[in-house]
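K.L.:
Take a look at the following structure, please.
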Amino acid sequence: MIELGQLYILIRYILIDFAISMIVTLSLNFELGIAAIAQFGRVLAVEIGAYVAGGLTGRILAYTIPELRQYSGAEYSNHLINFKLVDTINRTLLEHNALLSIGILILTLALAAIIGGIVGWLTSYPAIRLKEAYLGITLLAFGDVVMLIAQNYDPIVGATQGVSVPDPFRWARPYSFEAALIIALILAGLTFIFFEMLVRSPFGRALKAMRDDEVAAKVYGKDIVKLRTYALIIGSAFAAMAGAYYTMYIGSCKAFTYTRLTWTFWPWAFMMLGGTGNNVGIAVGVLIFVIVRTIIINYKTYLEPFVPFDPIWLEPMFVGVVIILLSVFRPQGLIPEKPAFTIKKRRIRSIIEIMRKQAS
Amino acid sequence: MESKLIAGVIIALIIGIIIGYGGAMVAAPGAQTVTTTVTTGAATVTTTVTAPGAGGPGLTGEVTIGALLTLTGDLASYGENSKVAIEYAEQEVNQWLSSIGAGWSLKVRIEDTATDPKTAADKIRILHAAGIKIVVGPMTSAEVSEIKSYADTNQILVVSQSSTSPALSIPDDFIFRFCPDDTIQGPAAARILFDLGVRYVIPVWRGDTWGDGVEEETAKAFRELLQKEGVEGDWHEGIRYAPGAKEFSVEVAQLNDYVTDWISKYGADKVGIYYVGFDEASIFAGEATKYDALKQVVWVGSDGTAGVTTLVEQADAAAFSWEVKWLHPIFAPTENPKYFKLRDHVMNVLGREPDAYAYAAYDAVWVIAISLNMVQDYDPVKVKAVLPQVVKTYMGASGYFELNENGDRAYSDYTIMIVRKTDGEYKWDVAGVWRYTTDTIEWAEWFKAYLP
Amino acid sequence: MQPKGTVGRSEYILETKNLVKRFGGLVAVNNVNIKIKRQTVTMLMGPNGAGKTTFVNTCTGVLKPDGGRVIFDGKDITGWPPHKIYASGFVRTFQIPEPFKSLTVLENILVAMKNPGESPLRAPWKRSWVKHEEENLKRAFSILMRVGLDKYWDWEAYKLGGGQLKMLEVARALAVGAKLIALDEPIGGVDPVYANDILSYVRRLKDDLKLTFLLIEHRIDIALPFADYVYVMDRGKVIAEGTPDEVANNPKVIEIYIG
Amino acid sequence: MIEPSLVYKALAYSSNIALMAAGITMIYMSTETFNFAHASKVSWGMYFVYTFYNFFGGHPYIYVPVAAILTGLIGVAMYLTFNRYLLKRGAGMITLMMSTLGADLILLALLNILADYLSRVHKLYSRQIRMEIYDFTVAGIPFSTLIALIIVVTLTASIHLFLTKTKFGIAMRATIENPNLAGILGINPELVYLTSWFIGGALAGLGGALLVFIMAGYPVIGQYLIVTMFAGSIVGGLYSIYGSLLGGFLVGLSEYLGIWWLSTLFGGKMLAYRQVIPLVAMVVALLFFPQGLGGIKWGKVAKVVRGERS
């Protein structure tokens, strides 16, 4: 018999995982699939967003409360102060004030997007100068360096101890998880629509032109430097938002949670599975991966007694096999990219018909 | 065509999940029980508590609780010990339940967190999704703080056997900790250093949540101790190494510099090294054997290195440990028949002695089971309400203990462990005990010969 | 550094002064001086390896010149990046077609046209650019009809055949609305009848839209009649220039083509 | 003052990183594949030595060549199972790179399964393997340092001889420089690719097998070291085996001596930043010398230096 309550919790979990992974993967796809930037440092923007939520929002809130103002500097991220401080903020400020909570949520996301965008802009320096693999490795190194620094230098987000994050969903108790989920889904939906709009605009078309043929794009008036920079800024801004949102929903921010495996390589795998360059494909890829992962984690207990190892290793094995099979047999992914028109195809047809009639 | 195929795949996956969740969980009516008598091994416990509210509907069938253990990753050996202890406790609890005709049995579902906070956060959601609302673990403070928000929001009762960060001492949350936090380990280590004549300490620690915390607490305690006793002394800024490091030539060379410098200033008898790390201690020791200065000073470790297998198994590390009389304090499970029973069991299964936290993990399962049986309802809120009472009257493998207002083990004595050479063989032994109430050390008879 | 200021409007739309491009020891373009009059079809001919394509690449910013100047429409554009040269009204085609493979035929044309929606700030607001886009669409489609690619407008470019790609290449350049269009062997590999069609279309456009063309060719038999003025290059140097008749009778030219 | 034991470790470590970096460059030069799976191959090299020693005894050093050959075969398997098809299809650099990441995940999973098996069935302490205890000294110098240095030197010499004196070596160089030309010369490029995958893999395994005598191994150690290896390869310029040997050696040495220097200057808390050094070295190298050490015009540098002095 199926216990509905459990299924509901499971689906809730799958959906929020899906929503956050989708934002990250869509941003990756925009940079890699559309603009052909070898983004092997997706984790960089994600972790920056997370550090904004973990290190900045709380400080701003602490600053607004006179009794807490003294803690809004470097001491804020001292774990002995922080855990209790954030608890106080949550209880006194956010728990009973839905409007303020949502305001804080929006403020954090906006800050994350802005700072993420700035980081994207900074990474455009190597992105313009280096070729594919070199760039990929450089961006990968950036992500690792930032993580290592945040992990060891505590005024950022409390180094290894981490910090608590003001909880913008507490007002909705006991439905705070639902609130977090619904907002995540809305956010993912908006991200999807936004990237679809970009892809279906002259801007997106210019990026694709650059991806297909850089020299021809230059000759036809595309400023490659600017296009790359824009793509990096936009992609990084969204990835940073996803990082900030993840941190707020988890309620705690630790530098070393943001590893290249989880936040760069996993999204890559999602993207490859779904179909590089295709936002719909991305959504499908992420959904399949999240579900399969959940199944492996859940069925592993049944397998445990029969094998002399932890069946959890089947998960990386599965992802590895999928990546290789895809790259050999279906490099375009499950749902390959299709032409995306700026104007609806029907409208184009009608314009064409009129023109053909006039000509004949 | 294609999109239909993909839709089909997704639907199949969702159906898979639904079927996977088919056989779980229980909740059926029953009566209210307020008095429980537990008899296992040599200890008998009688508890009388009034369960909150109207009492539960009663438990039947198989009741599942979760356990989040570090079966892989840096703390894998601790995780394994806890796993064996938990499974042993599960077995005993079920014997007890059937002997009293309780009508329900306990099942512990064990998940691996890979010593990784993100995995822990994922896993508690998975457990929650499987209807599990009471969890033993996670083991590290990093993991506990990562899941805390979720546990509090969703009212999942968490009993950690080994999270010791003082930052998590927060009253009235859903986190209980059956081990004392580092505010107690700090004074213990400081006292050991002080009593061995050390006034100048150079710390070496693992730069992670736990290492940073322990070092900070011990530094604080040691400085306070110096002030209280009114003597000169200092705590060096020390060496903080990366948690992933597996090779320490630079670290040890640097340490040697510091030590040589302080020996020349203060004399070898006043200088000590305070080491906070996990099983990489054996690599560190292997490197340290190359330096004579490092053998002249006192070495004190922490609970992370107490009882670590590699320190006795690897010849160079073991020899070094014995040569410098490296002492490792660890929270002391009071020795009692249950303690020995569990120890023998783990020795049988894993071929090594369990760490202190394994006893706490064992106790966590028992306390949860007793509490569940008392409230007769799989309701974390009710279990949370009676749990501190149950603890007070429960005689566990780690001895009698109490919880403080933060839901943590209120205090504890600390066993001081050492790698001892007897008949040419290296084995873990006890060099003494630090008493919490008096802040004094009772050295073992055999060890007194080696005291300065 | 030369100032990028205006040099002054003249009857020539493009003028190169002692243009030099070297590849290591090889001088691919050696002190080339070429002048292109407004509203003419100027032809640049020469055998393979004469340096014609390198010359165009150097003029349009794909390659950086090692010496000399390029004056376009009164502006010194020497060493400008390609997209700025495009913006000032000078485009070129590629000898080996370089289509945007995953874009449709129609989009290949549209992408070459200017549109305010290319700014990322305006891109999400469709209303701010859709009118412009529809205008572009009409223009693009009329060009596709002219070059006979209108049937394939919604095909991705990689699905086209070689000759069709060649046409797409020309159509894309024509769509830009540039002042000067350099066509790098537009009829290479195209059958003579079709080639005549293309070239006469080019001439018509010159008159209708007041455009200027630089035609790079080595097939003089077909192309020569369509040119107003001809330059001949060999081994990096201009060896002859004049009207088609003059050039056709120039012994040096005959030598390199026959001898 | 720098202790001799630190110097020995630094030399051994740098030499092993040089070997691994050369392996990355080898595969990249021939097949344009940035091999992420190098990470797990290094770990496998370590575990081969450990496992064979525990099962068959003897001295652990005798299993080093075995480990190298086996990881070389892993490389061959990777080439044959997917890299070959991707190359034939003309897949882009990113696809090639991603596919090796897939292989890395599989190898990592298998290695963890091996470690689980060793600890559960054979009760070995398999998540921290330490072979340093079996190391010995020759004339006061640790064998681990000696052998690593000897191998790097002989490798440099033998690669030079192999590529300039043997028929296959010359063919290999020709293929790497110009695959089309190789076809004309009657060389089978596939054999060349296969060989470089084997040598590349063997170098990773060799580096790992020797490294386990100076530092403890655990299943994800390769992922921890991979950035250092990449750094070595990139600093070396990616298109020169000698460059990568030199680059790897320099990056490894800078990690040791750099962190030693930093911790002497700023205190022991700097030691936790150890991993940052190779990363920074690589980023700096890429941004200022995109061609790596192999691509720097040394004549110009000399001129600049002289110019500044005068």
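K.L.:
Would you pick out the residues in segment A:48-89 that are under 14 Å from A:S252 (Cβ atoms) and among the acidic types (D, E)?
P.N.:
Answer for segment A:48-89, where residues must be under 14 Å from A:S252 (Cβ atoms) and among the acidic types (D, E): just A:D87.
K.L.:
Taking the criterion of being within 13 Å of chain D (Cβ to nearest Cβ), in contact (Cβ under 8 Å) with a residue 12 or more places away in the chain, within 30 Å of the chain's Cα centre (by Cα) and assigned to a helix (DSSP H, G or I), would at least one residue in segment B:226-242 satisfy it?
P.N.:
no
K.L.:
In addition: For segment B:294-308, what are the residues that are assigned to a helix (DSSP H, G or I) and in contact with a Leu (Cβ under 9 Å, 6 or more places away or on another chain)? Working first, answer last.
P.N.:
Restricting attention to segment B:294-308, the residues satisfying the condition of being assigned to a helix (DSSP H, G or I) are B:294-295.
Selection gives B:L294 alone.
K.L.:
Take B:D316 and decide whether it is outside any helix (DSSP H, G or I), of a type in the set (D, E) and assigned by TED's automatic domain parsing to the domain that holds B:Y426.
P.N.:
Numbers: outside any helix (DSSP H, G or I): no; of a type in the set (D, E): yes; assigned by TED's automatic domain parsing to the domain that holds B:Y426: yes.
No, not satisfied.
K.L.:
Name the one entry in D:E32, D:E3 that is closer than 30 Å to A:F40 by Cα, within 14 Å of another protein chain (Cβ to nearest Cβ) and surrounded by fewer than 24 Cβ atoms within 10 Å (Cβ to Cβ). Outline the logic, then answer.
P.N.:
Numbers: D:E3 fails: closer than 30 Å to A:F40 by Cα.
When all the criteria are applied, what remains is D:E32.
K.L.:
Could you say whether any residue in segment A:275-289 is among the aliphatic types (A, V, I, L, M), in contact with a Pro (Cβ under 6 Å, 6 or more places away or on another chain), open to solvent by less than 10 Å² (accessible area, probe 1.4 Å) and part of a helix (DSSP H, G or I)?
P.N.:
Pass one, segment A:275-289, residues among the aliphatic types (A, V, I, L, M): A:280, A:282-284, A:286-288.
Checking which are in contact with a Pro (Cβ under 6 Å, 6 or more places away or on another chain) leaves us with none.
No, segment A:275-289 contains no residue that is among the aliphatic types (A, V, I, L, M), in contact with a Pro (Cβ under 6 Å, 6 or more places away or on another chain), open to solvent by less than 10 Å² (accessible area, probe 1.4 Å) and part of a helix (DSSP H, G or I).
K.L.:
Which residues, taken from segment A:170-180, are farther than 20 Å from A:A113 by Cα and either within 10 Å of chain B (Cβ to nearest Cβ) or not acidic (D, E) (or both)?
P.N.:
From segment A:170-180, those farther than 20 Å from A:A113 by Cα are A:170-179; that's our starting set.
Hits for segment A:170-180 are A:R170, A:W171, A:A172, A:R173, A:P174, A:Y175, A:S176, A:F177, A:A179.
K.L.:
Quick check, is C:L137 more than 18 Å from the chain's Cα centre (by Cα) and either facing another protein chain (nearest Cβ under 7 Å) or surrounded by fewer than 22 Cβ atoms within 10 Å (Cβ to Cβ) (or both)? Show your work before the answer.
P.N.:
Values: more than 18 Å from the chain's Cα centre (by Cα): yes; either facing another protein chain (nearest Cβ under 7 Å) or surrounded by fewer than 22 Cβ atoms within 10 Å (Cβ to Cβ) (or both): yes.
Judged against the criteria, C:L137 is a match.
K.L.:
Quick one: what pairs do we get from segment A:211-233, first residue at the interface with chain C (Cβ under 7 Å from one of its Cβ atoms) and assigned to a helix (DSSP H, G or I), second open to solvent by 60 Å² or more (accessible area, probe 1.4 Å) and not aliphatic (A, V, I, L, M), C-beta under 7 Å, 6+ apart or different chains?
P.N.:
A:D212/C:K101
K.L.:
Counting only residues that are open to solvent by 60 Å² or more (accessible area, probe 1.4 Å), give me the strands (runs of 3 or more DSSP E) lying completely in segment B:406-452 with at least 3 of them. Break it down stepwise before answering.
P.N.:
Values: elements: B:414-422, B:425-435, B:440-443.
In segment B:406-452, B:425-435 are the strands (runs of 3 or more DSSP E) which contain 3 or more residues that are open to solvent by 60 Å² or more (accessible area, probe 1.4 Å).
K.L.:
Let me ask something additional. I need every pair where a residue in segment D:115-137 that is exposed (fewer than 14 other Cβ atoms within 10 Å of the Cβ) has its Cβ under 7 Å from the Cβ of a residue that is at pLDDT below 85 and in a loop (DSSP other than H, G, I, E, B), sequence separation at least 6 or different chains.
P.N.:
Cβ pairs passing all conditions: D:V121/A:P308; D:K123/B:G351.
K.L.:
Just checking, does segment A:286-295 include any residue being of a type in the set (K, R) and within 9 Å of chain B (Cβ to nearest Cβ)?
P.N.:
We begin by selecting, within segment A:286-295, every residue of a type in the set (K, R); these are A:293.
This time we only want the ones that are within 9 Å of chain B (Cβ to nearest Cβ), so: A:293.
Looking for residues that are of a type in the set (K, R) and within 9 Å of chain B (Cβ to nearest Cβ), one finds at least one in segment A:286-295, hence yes.
K.L.:
Could I ask something else about it? Could you say whether any residue in segment A:248-256 is among the polar types (S, T, N, Q), touching a residue at least 60 places away in the same chain (Cβ under 8 Å) and part of a helix (DSSP H, G or I)? Give the derivation first.
P.N.:
Within segment A:248-256, the subset among the polar types (S, T, N, Q) is A:252.
Keeping just the survivors that are touching a residue at least 60 places away in the same chain (Cβ under 8 Å) gives A:252.
Imposing the further condition that a residue be part of a helix (DSSP H, G or I) reduces the set to none.
For segment A:248-256, residues among the polar types (S, T, N, Q), touching a residue at least 60 places away in the same chain (Cβ under 8 Å) and part of a helix (DSSP H, G or I): absent.
K.L.:
A:L111 - would you say it is within 10 Å of another protein chain (Cβ to nearest Cβ) and either over 20 Å from A:N279 (Cβ atoms) or open to solvent by less than 10 Å² (accessible area, probe 1.4 Å) (or both)? Can you show your working first?
P.N.:
Working: within 10 Å of another protein chain (Cβ to nearest Cβ): no; either over 20 Å from A:N279 (Cβ atoms) or open to solvent by less than 10 Å² (accessible area, probe 1.4 Å) (or both): yes.
So A:L111 does not fit the description; no.
K.L.:
Just the residues that are open to solvent by less than 30 Å² (accessible area, probe 1.4 Å) and part of a loop (DSSP other than H, G, I, E, B), please, taken from segment B:252-293.
P.N.:
The answer is B:G267, B:G277, B:F278, B:D279, B:E280, B:Y291.
K.L.:
Here is a check on your reading of the model: is C:A182 modelled with pLDDT under 85 and under 14 Å from the mean Cα position of the chain (by Cα)?
P.N.:
Details: modelled with pLDDT under 85: no; under 14 Å from the mean Cα position of the chain (by Cα): yes.
No; evaluated as a whole, the condition is false for this residue.
K.L.:
Give the residue that is farthest from C:N18 (Cα to Cα), with candidates limited to residues of segment C:56-78 that are in contact (Cβ under 8 Å) with a residue 60 or more places away in the chain and assigned to a helix (DSSP H, G or I).
P.N.:
C:V56
K.L.:
So, in segment D:71-109, exactly how many residues are more than 7 Å from every other protein chain (Cβ to nearest Cβ), in a helix (DSSP H, G or I) and without any contact (Cβ under 8 Å) to a residue 40 or more places away in the chain?
P.N.:
Within segment D:71-109, residues that are more than 7 Å from every other protein chain (Cβ to nearest Cβ), in a helix (DSSP H, G or I) and without any contact (Cβ under 8 Å) to a residue 40 or more places away in the chain number 4.
K.L.:
Another question, if that's okay. Restricting to segment C:58-112, and then to whatever is among the hydroxyl-bearing types (S, T, Y) and open to solvent by less than 20 Å² (accessible area, probe 1.4 Å), can you tell me which residue is farthest from the other protein chains (Cβ to nearest Cβ)? Outline the logic, then answer.
P.N.:
Going through segment C:58-112, the residues among the hydroxyl-bearing types (S, T, Y) turn out to be C:58, C:60, C:78, C:86, C:88, C:93, C:102, C:104.
Imposing the further condition that a residue be open to solvent by less than 20 Å² (accessible area, probe 1.4 Å) reduces the set to C:58, C:60, C:86, C:88, C:93, C:104.
Values: C:T58: 13, C:T60: 6, C:Y86: 4, C:S88: 10, C:T93: 9, C:T104: 5 Å.
Here the residue is C:T58.
K.L.:
In this structure, does D:Y273 turn out to be more than 14 Å from chain B (Cβ to nearest Cβ), within 24 Å of A:G136 (Cα to Cα) and open to solvent by 10 Å² or more (accessible area, probe 1.4 Å)? Spell out how you get there, then give the answer.
P.N.:
Details: more than 14 Å from chain B (Cβ to nearest Cβ): no; within 24 Å of A:G136 (Cα to Cα): yes; open to solvent by 10 Å² or more (accessible area, probe 1.4 Å): yes.
In short, no.
K.L.:
Just a yes or no: is a residue in segment A:30-38 under 30 Å from A:P202 (Cα atoms), in a helix (DSSP H, G or I) and open to solvent by 10 Å² or more (accessible area, probe 1.4 Å)?
P.N.:
Of segment A:30-38, the ones under 30 Å from A:P202 (Cα atoms) are A:30-38.
Remaining after also requiring in a helix (DSSP H, G or I): A:30-34.
Then keep just the ones that are open to solvent by 10 Å² or more (accessible area, probe 1.4 Å); that gives A:32.
Yes - at least one qualifying residue is present in segment A:30-38.
K.L.:
A further question follows. Pick from B:A189, B:A221, B:A142, B:A151: which is within 11 Å of chain A (Cβ to nearest Cβ) and farther than 18 Å from B:T70 by Cα?
P.N.:
Criteria check complete, one pass: B:A151.
K.L.:
Let me ask you something else. Which ones in segment A:130-147 are within 7 Å of chain D (Cβ to nearest Cβ) and without any contact (Cβ under 8 Å) to a residue 40 or more places away in the chain?
P.N.:
Matches in segment A:130-147: A:L130, A:Y134, A:V145.
So that you can scan it fast, the table gives a plain yes or no per residue for (1) away from chain B (no Cβ under 13 Å); (2) surrounded by fewer than 24 Cβ atoms within 10 Å (Cβ to Cβ); (3) modelled with pLDDT of 90 or more:
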{"site": "D:G200", "(1), (2), (3)": "yes, no, yes"}
{"site": "D:G205", "(1), (2), (3)": "yes, no, yes"}
{"site": "D:G208", "(1), (2), (3)": "no, no, yes"}
{"site": "D:F213", "(1), (2), (3)": "no, no, yes"}
{"site": "D:A216", "(1), (2), (3)": "no, no, no"}
{"site": "D:P219", "(1), (2), (3)": "no, no, no"}
{"site": "D:V227", "(1), (2), (3)": "no, yes, no"}
{"site": "D:I234", "(1), (2), (3)": "yes, no, no"}
{"site": "D:S240", "(1), (2), (3)": "yes, yes, no"}
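K.L.:
Sticking with this structure for a sec: Return only the number of the condition from (1) closer than 18 Å to C:A182 by Cβ; (2) assigned to a strand (DSSP E or B); (3) open to solvent by 40 Å² or more (accessible area, probe 1.4 Å); (4) not hydrophobic (A, V, I, L, M, F, W, C) that C:N18 does not satisfy.
P.N.:
The failed condition is (1).
Yes/no matrix, rows are residues, columns are (1) within 9 Å of chain A (Cβ to nearest Cβ); (2) touching a residue at least 12 places away in the same chain (Cβ under 8 Å); (3) open to solvent by less than 30 Å² (accessible area, probe 1.4 Å); (4) not in a helix (DSSP H, G or I):
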| residue | (1), (2), (3), (4) |
| --- | --- |
| C:R127 | no, no, no, no |
| C:R146 | no, yes, no, no |
| C:K151 | no, no, no, no |
| C:L168 | no, yes, yes, no |
| C:A171 | no, yes, yes, no |
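The values are calculated or read from the model by the stated rules, or taken from the named source; none is laboratory data. As the structure is a computational prediction, the values presented were derived from the model and not from experiment. Here Cβ is always computed from backbone atoms with ideal geometry, including for glycine, and neighbour counts include all displayed protein chains. Note: accessible area is taken over every heavy atom of the protein model, side chains too, but ligands, DNA and RNA are not part of it. Shrake-Rupley method; radii C 1.70, N 1.55, O 1.52, S 1.80 Å.
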